[in-house]
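These notes concern the structure reproduced below.
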Amino acid sequence: MSETAQGATSGRPDPRKLGEILIEIGAIGPESLAEALSVQHLEGERLGDALVRLKHCSEWSVVQGLARQFGLPARETIDIAEVQDELIERLSIQYARGNLVLPWRLDPELELLDVFAGDPLKILDLDDLSQIYDAEVRVTLMPRTAVHELINKAYGKRAKDVDLEKKDEALAEEDEDILHASAEDAPIIRFVNSLIFNASKERASDIHVEPGDKEVVVRNRVDGVLQEVKRAPKAHHASIVARVKIMAGLNIAEKRLPQDGRIRRRIAGKEVDMRVATVPTAHGERITIRLLDKSAVALSLDSIGMGPDHLRIVREVIHRPHGIFLVTGPTGSGKTTTLYSALSEINTPDLNILTVEDPVEYQLQGISQVQVQSKINLTFAAGLRSFLRHDPDVIMVGEIRDVETAEIAIQASLTGHLVLSTIHTNDAATGITRLVDMGVQPFLVASSLVALQAQRLLRRVCQSCCEAYRPLAAELDEIGIDPDKFYRGENPLKAPVRDENGAVLPLVAPEGRKRPPPGHIYRAVGCARCQGSGYSGRTGIYEVLTITEDVRRLAIRNADSSEIKAAALRQGMRTLRDDGAYKVLLGLTSIDEVMRVTAEEV
């Protein structure tokens, strides 16, 4: 077995402390250890957890250190095919998750059971496994996230679809809350539970339950694209709606008016927040469930796909003492995630940060967040007006929808506050004219805005099946890539990425991604891992418009958005399609995906 796969090998326990071992193997330095020890003392967490949270080392490095400390073997990962299925059937998923252990191989002749463990402090409590399997337990350490993922995959293989026509069929998936289905559970409950579990497993952002004339169709939105996943007889529609309403705390008797609710559940060990909306249609009530997996959201500007030039500009803007920074784009384009990532970066004890949102999607430590309540007249404008009496440094407004909210935000920025917000426009330049159309005076818009950012989300090609090919010159030219330079192996972007001095930056793929060979780009193919779509996960494309003197003069004289955009392009702004071309060259996405997402670009 290779060193990479095996990691640390078993031997005598090392009596030294974990920090000393990690320094010796080169995983961390003394300064990192000192900082983590301070955090550990304040937060009361384990040293390894503190080091990983502070990003001083990887979880795998901590496991290697623990393996040496305890004298145990360690592995970074394993193929799920190596786990013996019959072992899973004899152990409950609650025990596996509670102890972070997964039996994966049993040698009956040697009476030896191999077990992966994510917590070395619990291996002394595994006598139960010896009794269950009648074998001696041999432990191999593995990162906790890897063990949790293996447990989910291993037990997920036992799952079966719930057929509403067969009321005696039980759902095989189990979990602490909604996913533990016993034989006595009603078929409707099992059906709804399976919808939510499967959507979470497939990383879907939305579940659509759509009643038709004869059937109920269920579609999931995965990576921004809807896919049909299940159908049910129309006779069960009312029961499905009632079950979801009960889970969301809605009025099951009210079928004539739209309703909104919320469901919070643990699914496969993860906290998932779901927003539920119902609306009456010609064939009955339609339900949309939006899923937010809080553990999967990385609130960091470095992780949302910004190019180095955009990242530099946005960081300069959010560290200003005052002004308005607007993020624009349609619903579902990642605007809220961008604002939260910006807040996470500037969230320090010396800043007073307040937010008013509809709804509060992520809870951030150290930030006061207020949710809009229209029934009691707690609107964006009312919340924003109140904030000004609480001595804020930074204010985030979920959305600027009307002139009242816009004017209060502008007054806040002019009186020494940094205001972050969103507005619904297709590009950055139109955000300026949209504020004027609302009724805000052009000179107020020009004097308060510091930057606008438009964005979209596009799907990343699946690295397991993407195919490199030589594109046609017409394809390249359409998205802003110079074909001649591309085929010669030079930087072919017509709008290249530049540093603060104007120098063109080289094309460097993000860590963990491979760039296509020279003269080639990737296209989507499809495999089992990406469910045949050819894409897995999403990244952002951006255009950032900074308010220069030229743009400010155009705004004051109420110029249209095309003039403002032309001025911004002259000063070096890259459009959404330009950024899409950049992501194609890095091997992140395909030309087809860029064209789909930026179809409105001229």
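Annotations
- Restricted to region 344-376, and to residues there that are hydroxyl-bearing (Ser, Thr, Tyr) and more than 21 Å from the chain's Cα centre (by Cα), the residue that is nearest to VAL314 (Cα to Cα) is THR348.
- Checked against the criterion of being within 29 Å of the chain's Cα centre (by Cα) and open to solvent by less than 70 Å² (accessible area, probe 1.4 Å), region 84-92 has no qualifying residue.
- The residue that is most open to solvent (accessible area, probe 1.4 Å), among those in region 470-488 that are assigned to a loop (DSSP other than H, G, I, E, B) and closer than 15 Å to ARG577 by Cβ, is ASP482.
- Candidate set from region 185-197 (those that are open to solvent by less than 40 Å² (accessible area, probe 1.4 Å) and under 29 Å from the mean Cα position of the chain (by Cα)); member that is farthest from PRO233 (Cα to Cα): PHE197
- Of the strands (runs of 3 or more DSSP E) entirely within region 269-372, those holding at least 2 residues that are open to solvent by 20 Å² or more (accessible area, probe 1.4 Å) and not acidic (Asp, Glu) occupy 270-281, 284-293, 368-371.
- Some residue of region 373-382 being without any contact (Cβ under 8 Å) to a residue 12 or more places away in the chain and at positive phi: yes
- Within region 243-267, the set of residues being buried (at least 17 other Cβ atoms within 10 Å of the Cβ), in contact (Cβ under 8 Å) with a residue 24 or more places away in the chain and closer than 22 Å to ASN198 by Cβ comprises ARG243, VAL244, LYS245, MET247, ALA248, ILE263, ARG265, ILE267.
Residues checked against (1) in contact with a Pro (Cβ under 8 Å, 6 or more places away or on another chain); (2) at pLDDT below 80:
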residue: LEU72; (1), (2): yes, no
residue: ALA96; (1), (2): no, no
residue: LYS122; (1), (2): no, yes
residue: LYS153; (1), (2): no, no
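- Boolean, VAL63 is in contact (Cβ under 8 Å) with a residue 12 or more places away in the chain and out of contact with any Gly (no Cβ under 8 Å at 6 or more places or on another chain): no
- Filter result (exposed (fewer than 12 other Cβ atoms within 10 Å of the Cβ), over 35 Å from the mean Cα position of the chain (by Cα) and either farther than 17 Å from ASP85 by Cβ or without any contact (Cβ under 8 Å) to a residue 24 or more places away in the chain (or both)) within region 97-141: GLU109, LEU110, LEU124, ASP125, ASP127, GLN131, ASP134
- The numbered conditions (1) assigned to a loop (DSSP other than H, G, I, E, B); (2) under 26 Å from ARG574 (Cα atoms); (3) hydroxyl-bearing (Ser, Thr, Tyr) are all true for SER464 except (2).
- Scanning region 418-448 for residues that are open to solvent by 20 Å² or more (accessible area, probe 1.4 Å), farther than 12 Å from ASP402 by Cβ and small (Gly, Ala, Ser) yields a single hit, SER447.
- The residues of region 509-535 that are open to solvent by 50 Å² or more (accessible area, probe 1.4 Å), in contact with a strand residue (DSSP E or B) (Cβ under 6 Å, 6 or more places away or on another chain) and in a loop (DSSP other than H, G, I, E, B), listed by number, are PRO517, HIS520, VAL525.
- For the residues ASN491, ASN501, the requirement of being surrounded by 14 or more Cβ atoms within 10 Å (Cβ to Cβ) and in a loop (DSSP other than H, G, I, E, B) singles out ASN491.
- A search for C-beta distances below 8 Å between a residue of region 459-477 that is among the aromatic types (Phe, Trp, Tyr) and any residue that is open to solvent by 60 Å² or more (accessible area, probe 1.4 Å), counting only pairs 6+ apart in sequence or on different chains, returns TYR469/ARG523.
- Within region 198-214, considering residues that are under 19 Å from the mean Cα position of the chain (by Cα) and among the acidic types (Asp, Glu), the one least open to solvent (accessible area, probe 1.4 Å): ASP206
- Residue list for region 215-242, restricted to those being surrounded by fewer than 18 Cβ atoms within 10 Å (Cβ to Cβ), in a helix (DSSP H, G or I) and hydrophobic (A, V, I, L, M, F, W, C): ALA235, ALA238, ALA242
- The lone criterion from (1) more than 23 Å from ILE432 (Cβ to Cβ); (2) basic (Lys, Arg); (3) in a helix (DSSP H, G or I) left unmet by ARG538 is number (3).
Per-residue answers, yes or no, for (1) of a type outside the set (A, V, I, L, M); (2) in a loop (DSSP other than H, G, I, E, B):
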residue	(1), (2)
ASP49	yes, no
LEU91	no, yes
ALA96	no, no
LEU106	no, no
GLU109	yes, yes
SER130	yes, no
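The values are calculated or read from the model by the stated rules, or taken from the named source; none is laboratory data. Since this is a predicted model, take the numbers as computed values, not measurements. Cβ: placed from backbone, ideal geometry, glycine included. Neighbour counts: every protein chain shown. Calculation scope for accessible area: heavy atoms of the full protein, side chains included, ligands and nucleic acids excluded. Shrake-Rupley method; radii C 1.70, N 1.55, O 1.52, S 1.80 Å.
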